[in-house]
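First comes the structure, then the notes that go with it.
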Amino acid sequence: MKTYAGIDLHSSNNFIVVIDNDDKRLFEKRLPNTIEDVMKALEP
């Protein structure tokens, strides 16, 4: 299964979405713009 990810970056937060080939959302979350929060959210 192929997956695709996108990040919508704003000044104080971002919105991350991961979808599959069928456009099913596998992950979606709004996070503050800190590398620690983003890396923790994307851990396997």
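The values are calculated or read from the model by the stated rules, or taken from the named source; none is laboratory data. Owing to the predicted nature of the structure, the values given are computational and were not obtained by experimental measurement. A quick note on method: Cβ atoms are made from the backbone with ideal geometry, for glycine too, and the neighbour counts reach across all protein chains shown. For accessibility, only protein heavy atoms count, side chains too; no ligands or nucleic acids. Shrake-Rupley method; radii C 1.70, N 1.55, O 1.52, S 1.80 Å.
Condition first: open to solvent by less than 100 Å² (accessible area, probe 1.4 Å), of a type in the set (Ser, Thr, Tyr) and assigned to a strand (DSSP E or B). Now tell me which residues in region 1-18 satisfy that.
3
Take the residues in region 19-44 that are touching a Lys or Arg at 6+ places or on another chain (Cβ under 8 Å) and within 17 Å of residue 2 (Cβ to Cβ); name whichever of them is most open to solvent (accessible area, probe 1.4 Å).
21
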